[in-house]
Each structure stands twice: as C-alpha cells, then as structure tokens.
Amino acid sequence: MTGTFRLIGLELRRISLPLVTAFTTSFGSENHRDILLLRVELERENTIFEGWGECVAPNDPTYSAEYVAAAEMVIEQHLFARLAGSERIAAAEVHRLLRAVKGHPMAKASLEMAILDAELRAEGTCLATHLHGDQPLTRDRIPAGVSVGIFADLDQLLAAVQGYVDDGYQRIKLKIQPGWDIDPVREVRALIGPELGLQVDANTAYTRHDAAHLRLLDEFDLLLIEQPLPEDDLLGHRDLANAIDTPICLDESIISVTTALDAIDIGAAEIINIKPGRVGGYLEARRIHDLCRDRGIPAWCGGMLETGIGRAANASLASLPGFTLPGDISAAERFYARDIVVAPITLVEGNVVVPTSPGLGFDLDQGILEAATRSTRHLRSESR
C-alpha cells in the first residue's frame, strides 16, 4: 500500500435479514440474522476512501462468547478509539493496535475487513490478488460446498439434499448431534452415492465418551467430522483421531495461528476449517492457511451465514492454493431471498467465481440495504 491513511469515521449499521428456511444446528435454530455492518472512512492526502466490513458474530452467544450486540458495544466503547488515535492506520496494523483488548476476534475482524476494503479500493486491487502476494492467482473459481442443517425428519432432509445435488454443489455438509447422526448420514450417503463429497459437523455436541458411537460413521467414507468435541478439548480430539478412521477437522478450537500450530503438533487436527471472523481477520486466516500448507494439513474456508460482503471476501480467501477441500461458500440464495449486494454469488457449474473488482469484490444494493437497516451509529475521530 502506498501513502498513509488515517481513520476518521466509522458507521455501525445493524440490519435484519430473514433466512430462506430455518437453519438448525446443535447450538439451536435461526430464522433471521441480526447483522452488524461497518463502514469506515479513511483519509489520505485529503481524499476520503470508504470500505465496508461485516461482523459475523451471531444473534446469541452460542457458537462462541461473541454475539452481535456485544460486538457493536466493544467496537464503539473500546476498539474504535484505539484505531482512530493512531497517526497511521492500515489493515496489517489492526491486530497490533487492538492487542490490548482481550478476545473479541469477530469484532476485530470486522474492523480489519472494512479497513482492508478501503485500502484495496484506494489502490485499485482485489482481495484475492492481495492475499496471494507475490504469487500469481492460479484459480478464478473454486468448488462450492453447502451446509445442511438439522431437520424435523429424514424426508425433509433428503428433499433438501437432493435439491442441492441438483444445483450442482460439489460437497454436502450435514449438521449432526446425538440422536441425529448415524441414520441421517446413512440415508444421505445412499441418496448421493459414493462419489460426491460428504462430511459432518457436530459443533461440539459430543464428549470423549462417544468415541465408539462416532466410530460408526467410518463406514460412510466421510471427508471429515468437524469439531465433534468441545473447543477446549484438544487432547480429546487427539485421542478421538486415534480411535476412528474418519479424519478429525477442527473449527471452534482454532482461534489463531498458535492454536492451529498446537492442534497440529499434538495430532488433534488432521484437517482445519479456517473462518476469518473466528480467528480475528483475513490476514490471520492467511497465516493459518500458510501454516497448514507448510505442514501438509488440508484446509477449507468455513462460512458464518455471511451476506454478500463476507461471502465475496471468503471466495477470495478460498482461492489460495492451500484450500484443498470445498468450503462453505454457497450461493447467496441458500440463505437469503435477496442479498444486500448488486450481484450476489451464484453457482457456475458447481463453482463460485473469485471476485476480481477492487476491494473485497462487491457493490452494495443501496435500496435493499436501506430496507434491511434497523439502526445506524456514527463515530468520528476526535482529531478530525
């Protein structure tokens, strides 16, 4: 990046978007998303550059300790002042400038994301190119996977899965929990056949005592079982990896390069799901990607029901060469009847096209955005 930016303003915008269908996991059900969007204003040589970010913190503190209302509060009361008080701001400096505030990676990631969007728009560079650094882009599209929630009965599940197969998705991920695991997986594997990629996501729903039960999943030739045990149980995941044939993938346990390295070193993570919001931003996500690639650990890009802002950024991240498994970057219509961007992500022969326009790779649909907006707050730098 050339020149020096100052952060002079921040808009906190809460929007509400209904989901096409309820999305149910072991954490609970969601029918709508209460979403926090950020718009930053960076100044360089008397020119203002705008950038947008999306906070992926969910409605309630169930996936992690973070939730959307708390994220808005910590940004307003603690994070913004630390960035606005800096003489020079850059996305690469956000992690250091906010280090004194413990935790809150999703809130921090949304600020880094918005600043990165503004920087890249100012330089006329797309996120994929920036993340690749000196290496050329080798993929202009990435394979699309879809995450399928827990249903009231098997018939509903199979109907939903068949629809995604017909759409061309290259990988199916089933949410599971005790009482909804072996039979649904067996039925879905029979439906889709042996060739299509199938994996399951437990979202921490099992314990160390469930190894024998989880071993029953081995017969279905799954790509992986994602986060079967609580996030703090690395040793339990290590022991489970030794007890079953299905590869163990960690999600909630991976919150930084350090935790990823520890999990790999002790044998708790045979595969890693990298979610930018969970690890504090796209730059930390790239570092974890680099670690996985160096260690020969397969990685993929997870999703958090993002709007077109986060979905575009995730597609750019997933274009990195170490993402060797299809991620959760589905078409926007999987979750939202109408996204807030002009050109929502769609499937192209089972793939998602990597954005190449400056910034994170989206343009907002102002009419849809305004209709979805429930509140806005504006913060200004005191030195402005």
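Does the range 257-309 hold any residues that are at positive phi and under 17 Å from the mean Cα position of the chain (by Cα), and which are they?
GLY280, GLY281, LEU305
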- Message: I want to confirm something. Restricting to the range 1-55 and keeping residues that are farther than 30 Å from GLN177 by Cβ and aromatic (Phe, Trp, Tyr), which single residue is surrounded by the most Cβ atoms within 10 Å (Cβ to Cβ)?
- Response: TRP52
- Message: Here is a check on your reading of the model: is VAL257 in contact (Cβ under 8 Å) with a residue 60 or more places away in the chain and among the β-branched types (Val, Ile, Thr)?
- Response: no
- Message: Can you pull out every residue in the range 346-380 that is within 20 Å of SER110 (Cα to Cα) and under 19 Å from the mean Cα position of the chain (by Cα)?
- Response: PRO355, GLY359, LEU360, GLY361, PHE362
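How about the range 177-280: which helices (runs of 4 or more DSSP H) wholly inside it have at least 2 residues that are not assigned by TED's automatic domain parsing to the domain that holds GLN162?
Numbers: elements: 182-192, 211-214, 234-243, 257-266, 276-279.
Here the list is empty.
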- Item | Which numbered condition ASP328 misses (of (1) within 18 Å of ILE142 (Cα to Cα); (2) of a type outside the set (Val, Ile, Thr); (3) outside the structural domain of ALA263 (by TED's automatic domain parsing)) | (3)
- Item | Whichever residue in the range 85-103 is touching a Lys or Arg at 6+ places or on another chain (Cβ under 8 Å) and not in a loop (DSSP other than H, G, I, E, B) and, among such residues, is farthest from GLY9 (Cα to Cα) | HIS95
- Filtered residues of the range 281-314 (kept if touching a Gly at 6+ places or on another chain (Cβ under 8 Å), under 22 Å from GLY149 (Cβ atoms) and part of a helix (DSSP H, G or I)): GLY310, ARG311, ASN314
- Note on the structure: Only one of (1) more than 20 Å from GLY302 (Cα to Cα); (2) in a loop (DSSP other than H, G, I, E, B) does not apply to ARG139, and that is (1)
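Would you check which residues across the range 154-202 are basic (Lys, Arg) and out of contact with any strand residue (DSSP E or B) (no Cβ under 8 Å at 6 or more places or on another chain) and list them? Steps first, please.
Going residue by residue through the range 154-202, those that are basic (Lys, Arg) are 171, 173, 175, 186, 189.
Answer for the range 154-202, where residues must be basic (Lys, Arg) and out of contact with any strand residue (DSSP E or B) (no Cβ under 8 Å at 6 or more places or on another chain): just ARG186.
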- Item | Cross-chain or 6+ apart pairs with Cβ under 9 Å, the range 37-52 first and farther than 21 Å from LEU364 by Cα and of a type in the set (D, E, K, R), then outside any strand (DSSP E or B) and modelled with pLDDT of 95 or more | ARG44/ALA122
- Looking at the range 271-318, which of its residues are of a type in the set (Asp, Glu) and out of contact with any helix residue (DSSP H, G or I) (no Cβ under 9 Å at 6 or more places or on another chain)? ASP294
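Looking at ALA22, is it of a type in the set (A, V, I, L, M) and over 30 Å from ASP153 (Cα atoms)?
Values: of a type in the set (A, V, I, L, M): yes; over 30 Å from ASP153 (Cα atoms): no.
No: the conditions fail for ALA22.
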- Message: Between a residue in the range 311-325 that is assigned by TED's automatic domain parsing to the domain that holds CYS249 and any residue that is surrounded by fewer than 24 Cβ atoms within 10 Å (Cβ to Cβ) and of a type in the set (Lys, Arg), which pairs come within a Cβ distance under 6 Å, given they are 6 or more apart or on different chains?
- Response: SER319/ARG139; GLY322/ARG293
- Query: Which ones in the range 342-360 are closer than 18 Å to GLY53 by Cβ, buried (at least 21 other Cβ atoms within 10 Å of the Cβ) and either at pLDDT 95 or above or among the hydroxyl-bearing types (Ser, Thr, Tyr) (or both)?
  - Reply: PRO355, GLY359, LEU360
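The values are calculated or read from the model by the stated rules, or taken from the named source; none is laboratory data. Predicted, not measured: the structure shown is a model, and the values here were computed from it. Positions of Cβ are backbone-derived with ideal geometry, glycine not excepted, and every protein chain shown enters the neighbour counts.
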